[in-house]
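Only one structure is covered here, and it is reproduced in the block below.
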Amino acid sequence: MASMLELVTRNFFGKKKVRLYPIEKERDAYERSRGRIVLNPSACILCSICAKKCPADAITVDRKDGKWELNAFRCIICGECVTACPKKAITMSNERRHSASSHIIETHKVEPPKPAAPKAPAPAAAAPKPQAAEGSKAEASATIEAVKPEA
Ligand code: SF4
Ligand code: SF4
């Protein structure tokens, strides 16, 4: 009983182990915490690789309308899309998304990549090289034969 009383007194008057959120400031995120994913629309080329790799089916890419969407309620913050994006357009932020009572659909307008300019016509085929004279053909085969080991 005495030890219990001592424990209660120590906890009551000692340094608090928890914060009185939201009265007190929220703890800062750890540097490598997985908080949420962030898209850089200017780097995105709407290739859909992130959507195909996402195990939670949280990303939708509409190339025709230039739209990249994230269903934040589906995202499990696994980071697969961050690794898969060939343009490094998605990054992982250590800041957490605040709680919400309805689905968060994050929509980004993305400028669809412009179609590649048509290639310039190839220059006219080079004129065929003049046939080597019979003598020089013989010389060439002779050179090859010269490197063959003796039978
Ligand atoms: S972090 Fe994972 S679950 Fe979230 S969108 Fe990317 S691939 Fe999908
Ligand atoms: S975010 Fe990356 S992987 Fe996803 S569509 Fe854009 S460029 Fe492709």
Convex hull volume per residue in cubic angstrom - Cα atoms of segment 1-86: 176 Å³
Exposure of L39 as accessible area (Å², to 10), given a probe of 1.4 Å and all protein chains: 20 Å²
Net charge dipole size for segment 53-113 [Lys, Arg +1 and Asp, Glu -1 on Cβ; Debye, nearest 20]: 120 debye
Cα-based equivalent ellipsoid of segment 1-50: semi-axis lengths in Å, sorted from largest, via gyration tensor: 49, 12, 8
Length released on extending from R10 to A122, taking residue separation times 0.36 nm less the Cα-Cα span: 31.7 nm
Gained length - N94 relative to H108, 0.36 nm times residue gap less alpha-carbon distance: 3.0 nm
Solvent accessible area, Å² - H108, 1.4 Å probe, full protein context: 40 Å²
With DNA, RNA and ligands ignored, accessible area of R96 (1.4 Å probe; Å², nearest 10): 150 Å²
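The values are calculated or read from the model by the stated rules, or taken from the named source; none is laboratory data. As the structure is a computational prediction, the values presented were derived from the model and not from experiment. Please note: Cβ atoms are built from the backbone with ideal geometry, for glycine as well, and neighbour counts cover all protein chains shown. The area values use the complete protein model at the heavy-atom level, side chains included, leaving out ligands, DNA and RNA. Shrake-Rupley method; radii C 1.70, N 1.55, O 1.52, S 1.80 Å.
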